[in-house]
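The values are calculated or read from the model by the stated rules, or taken from the named source; none is laboratory data. As the structure is a computational prediction, the values presented were derived from the model and not from experiment. Virtual Cβ from ideal backbone geometry, glycine too; neighbours counted across all protein chains shown. Calculation scope for accessible area: heavy atoms of the full protein, side chains included, ligands and nucleic acids excluded. Shrake-Rupley method; radii C 1.70, N 1.55, O 1.52, S 1.80 Å.
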Amino acid sequence: MEQLRTIGRELAMGSQGGWGQSKEFLDLVKSIGEARSKAEEDRIISRELEHLKRRLADPDVPRRKMKELLLRLVYAEMLGHDASFGHIHAVKMTHDESLPLKRTGYLAVALFLDERHDLVILVVNTIQKDLRSDNYLVVCAALTAACRLIGEEAIPAVLPQVVELLAHPKEAVRKKAVMALHRFYQRSPSSVSHLVSNFRKRLCDNDPGVMGATLCPLYDLILEDPNSYKDLVVSFVNILKQVAERRLPTSYDYHQMPAPFIQIKLLKILAVLGSGDKQASGHMYMVLGDIFRKGDTASNIGNAILYECICCISSIFPNSKMLDAAAETTSKFLKSDSHNLKYMGIDALGRLIKINPDIAEEHQLAVIDCLEDPDDTLKRKTFELLYKMTKSTNVEVIVDRMIEYMINITDHHYKTEIASRCVELAEQFAPSNQWFIQTMNKVFEHAGDLVNIRVAHNLMRLIAEGFGEEDEGADSQLRSSAVDSYLRIVGEPKLPSSFLQIICWVLGEYGTADGKYSASYIIGKLYDVAEAHPTDDTVRAYAISAILKIFAFEIALGRKIDMLPECQSLVDELSASHSTDLQQRAYELQALLGLDKQAVESVMPADASCEDIEIDRNLSFLNGYVQQAFENGAAPYIPESERSGVVSVGNYRAQDQQETSAHALRFEAYELPKPSLPLAPSQASISTPTTDLVPVPEPSYYKEDHQMSRSHPSGDSLSGEFGLKLRLDGVQKKWGRPAYSSSSTPSSSTSSQQATNGGTTSEVGGSISSQARESSYGSKKQQGTEISAEKQRLAASLFGKVDRKAQAARKTTKESTSTEKVATANATPQPAKEQVIPSAPPPDLLDLGEPVSSSHPSADPFTQLEGLLGTSSASETSASGTSKTPDLMSIFSDDVQTGATSGSTEPSLGVNVVASKKGPSLQDALQKDAAARQVGVTPTGNNPILFKDLLG
């Protein structure tokens, strides 16, 4: 809020400069700052917006006052209120010739609008004109607005002028031109892909600001294709060396550090270019060593540069001296009292141990301190470090710590991450199956709903397979311990569903295997699980299947077991369940109880969960039955594809789907009429039984449009082939457009992902030197506090051995750490980003136009239908060459004009109508049907659906 007040005062003072007093604005800022609640602030802004709306509606507002009103609108929008009524006034102000007003208009437009706003199109022309201005301040304002408002479609309109501004004599214009091109690249990489050479040229610009601005687009380009920019490694190293040697003007210094943000960007670029490249990395070692020697740990920006150096060294080809310098800097971070620097130290240590794991041994006690720190963010970062350090010797301690932390947190997102990491480490480094099962039980007990179900299946498979060796005793002991642990856990409330499924499966398979527990006891436990979860069908299914297994095993052993009354009630309940799965399992249990011993052994063999199931796809066990049926005179089976004269069931199904889709609302574009082959004259005169039904097959344009290219006949050929014409005199064309022209496909505007690089600057209290910190840290170690035995044991478990130098440092002054052995390893290159190809735009569902190829002219279906009932009127119209005014009442008249019917009839719109008679005369029937439908009366009989087919 204080920052908002400061901005308001600056805006108010800017509006006062040379334009008179602005007491209203100052009163507004003062009243908002003194508001006691959000509701009071909203009331103040609402009153102000009503006042501004009235003032802006006045056409006689002076230009000087309009600037102040726009600034007040900006202030209202900054507080989250809608001021859209004033956006057009900001657009108008960008056209003003006065520089202060134009800059104010550009500022307001950039804050009010974005690239997708409707008013942006009104600003593009103004930006084009201002980019050609002689005043470089106007050009800068236009470039700033272009970065914000120019979208992918408008980039070609301003791109040539922006490229020309790269050679502008003013460095501020060149810098903003580079920034505009970078913004265009982020929104549409293809539009500026041919301008990459301009970025290389601007890297050698005389102004450091232009050079620094060029680093941002080059960094994005290098991330896409590092190999194309390997030749710039020497140039980047030279620039970084000049910056580190303070050859830049002092105006670029920040907290006495020479151009720190340029250094950080250069270090990021070098980290990408030197990844896995020994030759390129060799050019970087010297300048990186200079930065480490000149690094200042007394300021945040100095620590940020050192941290970026560590990240660069961990990415490029390893060097022993550079790793030693990085480890020394990391040690300073870990010894600091600031949590921010400790966080950086833990992150840097995680990067370095990928190259040399021995580096962590020196800082084991510092890692333990961070693990026990009350700062939750630091603790999570430490767990990430331990996750990277895990191996078979310390997996038990690390996983136990992670599970303990997982139990105490409430953040489900991070709880899921910790649970997945515990499962991954346990599966990869488990020292024994016994420990793995116990660890999985803890994970499922406390975070079972957050773990993938695949983990549960893996646990069940491990229990079933055992140790994978021939030692049956060890496998039996493993299963017995699993049964004991699950019987202790099963009674606890709120167990996850996946964990209950594991418990039911294990108790059903191995609950009575060792004879320690009776079948009645295990069945009772399973019944309790099913009763405690009446709404979870999956758990109840596992429980009833486990009960079935126990009954089967007891019957196979020849033991007599009675169904418990409560268990019988559960079976009866599941037999009437709405779930068919539960019904089937209940009926299988009842059927199993009626089988003898031999049948039960065949159906449910003991300990057969790991046996492979062989599937006989040919059903060879039915060969005897089939042969016997043949001998009795049965006909052999004929595949559907080989049958003749039999309509396929799939055809009926496809026809039903077509009929269903014919009466549904269609959203796809209409197809042009497709004529069928003309019927012979003899077929048209064949008499059919007099009925009210005229067989009309399904129209072809209701079918799925899977055929890509079809030849459309022209309208002239259609009118020449059809004999019957539908007379539409007096019928108004209410549907469709006057002419069916090809619809233009709208271009889709795809805005590329806007990547913004942000950084977080941590605050460190006081500006003390690194020597003072080390001395203070050493003084704390000289105090009489001894290392607790618990920390020593924990460090020995995590790192394999306790650092005796660190232990001695608790009693005496901290000695300089010995040089670590460096194991060189090739760093993995960063994968290139995938280029997202924009998808084709969706079709315009409201566009009734038809896409027609240029070779075939479009045909009007109404023109093709004319004269279907009266050929004389059509001939008269064609002879005269002029169109008559349609008689609207002729359709309702009783005296319908009839004409001669041609022998070969073909209806339009691609409908193949079988020639038949409807009553005494087909023409009379069609006229009556058309007249009845025009007046809104639905005929009782089944009539042709020509109009419905026409309208879709």
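Within the stretch 177-229, can you find the residues that are in a helix (DSSP H, G or I), over 33 Å from the mean Cα position of the chain (by Cα) and among the charged types (D, E, K, R)?
ARG200, LYS201, ARG202
Looking at the stretch 390-406, which of its residues are at pLDDT below 90 and either over 23 Å from ASP358 (Cβ atoms) or open to solvent by 70 Å² or more (accessible area, probe 1.4 Å) (or both)?
Listed by number, the residues that qualify are LYS391, SER392, THR393.
List the number of the failed condition for VAL529; all other conditions in (1) within 24 Å of VAL600 (Cα to Cα); (2) modelled with pLDDT of 90 or more hold.
So VAL529 meets the others, but not (1).
Filtering the stretch 457-473 down to residues that are at pLDDT below 80 and of a type in the set (Gly, Ala, Ser), which residue is most open to solvent (accessible area, probe 1.4 Å)?
Ranking the qualifying residues of the stretch 457-473, first place goes to GLY468.
Being within 19 Å of ALA348 (Cα to Cα), surrounded by 23 or more Cβ atoms within 10 Å (Cβ to Cβ) and among the polar types (S, T, N, Q) is the filter here, so list the residues in the stretch 279-314 that pass it.
ASN303
Go through ASP449, ASP484 for me and flag whichever is part of a helix (DSSP H, G or I), touching a Pro at 6+ places or on another chain (Cβ under 8 Å) and farther than 22 Å from ASP376 by Cα.
So the residue among ASP449, ASP484 that is part of a helix (DSSP H, G or I), touching a Pro at 6+ places or on another chain (Cβ under 8 Å) and farther than 22 Å from ASP376 by Cα is ASP449.
Would you point out the residue of the stretch 358-380, among those that are over 15 Å from ARG401 (Cβ atoms) and within 36 Å of the chain's Cα centre (by Cα), that is least open to solvent (accessible area, probe 1.4 Å)?
Going through the qualifying residues, I end up with ASP375.
Within the stretch 325-379, count every residue that is in a loop (DSSP other than H, G, I, E, B), more than 22 Å from ARG793 (Cα to Cα) and in contact (Cβ under 8 Å) with a residue 60 or more places away in the chain.
So the count comes out to 6.
Taking the options LEU111, LEU165, LEU149, LEU71, name whichever one is at negative phi and open to solvent by 30 Å² or more (accessible area, probe 1.4 Å).
Only one candidate qualifies: LEU111.
Count, please, the residues in the stretch 219-252 that happen to be out of contact with any strand residue (DSSP E or B) (no Cβ under 8 Å at 6 or more places or on another chain), surrounded by 14 or more Cβ atoms within 10 Å (Cβ to Cβ) and within 15 Å of GLN263 (Cβ to Cβ).
The number of residues fulfilling the criteria is 7.
From the set of residues in the stretch 484-517 that are surrounded by 15 or more Cβ atoms within 10 Å (Cβ to Cβ) and more than 22 Å from ALA447 (Cα to Cα), which is farthest from the chain's Cα centre (by Cα)?
TYR517
I need the full set of residues from the stretch 260-278 which are open to solvent by 10 Å² or more (accessible area, probe 1.4 Å), closer than 16 Å to ASP231 by Cβ and hydrophobic (A, V, I, L, M, F, W, C), in order please.
VAL272
Determine which member of the set SER133, SER193 is out of contact with any Pro (no Cβ under 7 Å at 6 or more places or on another chain), without any contact (Cβ under 8 Å) to a residue 60 or more places away in the chain and within 30 Å of LYS268 (Cα to Cα).
The match here is SER193.
Take ASP536 and decide whether it is over 24 Å from LEU462 (Cα atoms), over 42 Å from the mean Cα position of the chain (by Cα) and of a type in the set (D, E, K, R).
Against the criterion (over 24 Å from LEU462 (Cα atoms), over 42 Å from the mean Cα position of the chain (by Cα) and of a type in the set (D, E, K, R)), ASP536 does not qualify.
Restricting attention to the stretch 196-224, which residues are under 18 Å from ILE269 (Cα atoms) and among the acidic types (Asp, Glu)?
Selection gives ASP220, GLU224.
Where in the stretch 534-642 are there helices (runs of 4 or more DSSP H), lying fully within it, with 3 or more residues that are open to solvent by 90 Å² or more (accessible area, probe 1.4 Å) and outside the structural domain of GLY511 (by the TED database)?
623-631
Run down ARG55, ARG72, ARG63 and say which single residue is in contact (Cβ under 8 Å) with a residue 40 or more places away in the chain and within 21 Å of LEU111 (Cβ to Cβ).
ARG72
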